[in-house]
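Nothing in this text is a laboratory measurement; each read-out follows from the coordinates by a stated rule. Here the structure is a predicted model, which means the values were calculated and not measured. FYI the Cβ positions are ideal-geometry reconstructions off the backbone, even for glycines, and counts take in every protein chain you see.
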Amino acid sequence: MTTLTTGRPGRRASATRSGVAVVLRYFGMAVIIVYCLAPFYWMTVSAFRRPSDQFQLSALPRPWSTANFSAVFKPDVGFERALLNSLIVAGITTVITLVIGTVAAYALARLEFRFKNLVAAVIIATSMFPPISIVVPLLKLFTDIKWINTYQAMIVPSLSFALPLAVWYLASFFRQLPAELEQAAMIDGCTRGQAFRKVILPLAAPGVFTTAIITFIAAWNDFIIALSMVNKKDMQTATVAISRFTGAYGFDQPYGTQMAAGVVVTVPLVIAVLTFQRRIVAGLTAGGLK
Amino acid sequence: MTTTAPAVALPPTKPAPKSSTRRADHGEGRLAAVLLSPTFLVLALVIGYPLVSALRESLYRRGEGLDANGFVVSGEHFVGLRNYTDAFTGAGGSRFWNAFGNTTFFTVTSVVLEAAVGLAMALVMHHALRGRALLRAGILVPWAVPTAVSGLLWRWIFDANGIANKLLGQQILWAADGWPAKWAVVIADTWKTAPFIGLLTLAGLQLIPAELHEAARVDGANAWVQFRKITLPLVKPALLVAVLFRLLDVLRMFDLPYLLVGNQKHSVQTLSVLAFNEANNLHYGPAAAYATLLFLYVVIVAYAFVKILGTDLIAEARAKTPARRRRSATRSLAGRGTPA
């Protein structure tokens, strides 16, 4: 690692050292790629084995089989319904979060007002809140008002982590836009609201979009809320459904089916993330650093 | 939380337009209130209410009890701080301290490992000439995998007949109760989140002006000295923010122990899992007490971290263009007398 720090990109280093540095560099990159992808690879490979070959530990399935995927989508498993539930919960959470969060983020990023630091502190503090501290009291409340096994019972608690997250990322995106833009619009006769709608929002669209992806993934990946608020099978979200798979083929732990379902749940996210990787990285680091 | 600290630093970093908007300040305040109120309304409902409700709930207990006249009353009854004292010393005492210990162990071990691995990743990525896009793509994969799915995936990897044992040539019963189970959780958590720390740290690394390293090289500093005296101190703010995020996240860990090992397993039961189990058994009072204690633990850790290490998250919240960041980074280097 120490040798790696010598050669900065684009800088001249002595010939012998740079040879070693290049090799080490590529070695380091290879280690990272293997580290990140090996478990994911193993999930995919395991999903494509025949259920009877589940404990075959070869690097590639022999033979390939989609039996695990068929098992995931067997009618009595209800996994399509679980995917739909996840989509509804994560989608509605994202939309509500963006609508409410955008205006709050704009205020934080652009307006001068008293208690601004306090407001920012409260928002970041709420994002640290442990979900279990929300789940326990809300579970009781929702039982009392008959909300158990409803979408709103999952959406409302999801707002608790999605909203601070979104406000945080959006504010950092808004801050990156030059303030002169809306000042110019306001000089030209726009009200602040118009300047926001017609100038800032279109320009911030990539940031809003990135925040939408990050929020959606956070809500899609939720487990504890969906696990607590729902006990009826056809209201389960995908993450809970996978964890409750029972061995269709007589294994006590249906790994093959679970891995196949894991692939189904994860691959769309991975594709989305890879498609928008630049934006997401920019979003994550902006939210973390600014 | 640290509202006083940033206020000191406020004037020099404040951007210029303030003077021109002075006239509109009153209107801006009102507008800000209007724009922020929906968010705060929602937060009051989904965080404020549960917080207060959990506090209240933790003072009650469901089930049968005897009232003052010796009659059996069912339903909820007020027990004062009994849920808390029971958590610390009484019947549930050993369970609480076990969960507290596990939570602390996971937090310390995972975050230390993740910070080390993440920093190493960031350094490699920073010096990658080509293939940076590939690396970034790879690094986002663990981040995108749902924690629940990653829990099941690692459960399969750590199965007694799984790939981990085969590669190690061992017969470790990872999912049984005990130390292997703890390490399985730590490994799974590190896999998923070290790349996230790597990303945040990389962003910090990229803000270090190249001239600093050049100057140091001219002065004869070797790679290790450069790393220790330039890279590490300058990347520290970014790394600390990432570490803080991770700390608070691991403290509330639930999915991994629950799915990777099992929710009744003593050796990996975290405070979240314990509270969840109690709530599931309709012991809302003790569950609320555990949840409240966890919340306090998170608050204390966050406060201590910010106080001791001076991670100025609130200052980070203020407008900071990359250019200004860079300048302040340079300034802080110039202003440092002794290495941190």
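Could you tell me whether region B:113-186 comes out rounded, prolate or oblate from its Cα gyration tensor? Rule is a ≥ b ≥ c as square roots of the eigenvalues, rounded for a/c under 1.5, then prolate if a/b exceeds b/c, otherwise oblate.
Here region B:113-186 falls in the prolate category.
Under the 0.36 nm per residue contour assumption, what length would be gained going from the current alpha-carbon distance of residue A:278 and residue A:20 to full extension?
89.9 nm
Taking square-rooted eigenvalues a ≥ b ≥ c of the alpha carbon gyration tensor, is region B:178-287 rounded, prolate or oblate, where a/c under 1.5 means rounded and, failing that, a/b exceeding b/c means prolate?
Note, shape of region B:178-287 comes out prolate.
Specify which residue in the list A:137, A:194, A:171 is farthest towards the positive end of the charge dipole of region A:93-229, using unit charges on the beta carbon of Lys, Arg (+1) and Asp, Glu (-1), about the Cα centre.
The one lying farthest along the dipole's positive direction is A:137.
For chain A, what does the helix formula give at 222 nm: sum of -39500 (n - 2.57) over DSSP H segments with n ≥ 4, over the residue count, nearest 500 deg cm²/dmol?
Mean residue ellipticity, 222 nm, calculated: -22500 deg cm²/dmol.
Using the count of nearby Cβ atoms within 10 Å as a rough guide to exposure, how do B:34, A:119, B:149 rank from fewest to most?
Ascending Cβ contact count within 10 Å gives the list B:34, A:119, B:149.
If the elastic network links every pair of Cα atoms under 10 Å, which of A:175, A:49, A:197 fluctuates the most in the Gaussian network model of chain A?
Highest fluctuation among the options: A:197.
If a/c stays under 1.5 just call it rounded; otherwise compare a/b with b/c (prolate if a/b is bigger, oblate if not). Do that for chain A, with a ≥ b ≥ c from the square roots of the Cα gyration tensor eigenvalues.
oblate
Using the count of nearby Cβ atoms within 10 Å as a rough guide to exposure, how do A:154, A:29, A:259 rank from fewest to most?
A:29, A:259, A:154
Please identify, among A:53, A:76, A:222, the residue showing maximal mean-square fluctuation in a Gaussian network model of chain A using a 10 angstrom Cα cutoff.
Greatest mean-square fluctuation among the candidates belongs to A:76.
Using a Gaussian network for chain A with springs between C-alpha atoms less than 10 Å apart, which of these wobbles most: A:94, A:215, A:246?
A:246
Between residue A:267 and residue A:34, what is the label-point separation in nm under the 7 Å Cα-to-beta-carbon projection?
Using points 7 Å along Cα→Cβ, the separation is 2.6 nm.
Using 0.36 nm per residue of separation minus the Cα-Cα distance, give me the extension gain between residue A:180 and residue A:95 in nm, one decimal.
Gain on extension, residue A:180 to residue A:95, equals 27.7 nm.
Of the listed pairs B:182/B:236; A:232/B:192; A:140/B:265; A:74/A:140; A:146/A:233, which have alpha-carbon separations greater than 23 Å here?
Long pairs (Cα-Cα over 23 Å): B:182/B:236; A:232/B:192; A:140/B:265; A:74/A:140.
Mind putting a number on the dipole of region B:97-334 about its Cα centre? Charges go on the C-beta only, +1 for Lys and Arg and -1 for Asp and Glu, and I need it in Debye to the nearest 20.
Dipole size: approximately 880 debye.
Would you be so kind as to identify which of A:243, A:88, A:156 lies farthest towards the positive end of the dipole of region A:77-289, taking Lys and Arg as +1 and Asp and Glu as -1 on Cβ and the Cα centre as origin?
Value: A:156.
Just tell me how shielded A:38-45 is by partners: mean number of partner chain Cβ atoms within 10 Å of each residue's Cβ, no decimals.
The per-residue average across the peptide is 5.
Placing +1 on the Cβ of each Lys and Arg and -1 on the Cβ of each Asp and Glu in region B:97-334, which of B:125, B:256, B:104 has its Cα farthest towards the positive end of the resulting dipole?
B:125
How high is the relative contact order of chain A, in percent, with contacts defined as C-alpha pairs under 8 Å that are six or more residues apart?
Reported as a whole number, the value is 27 percent.
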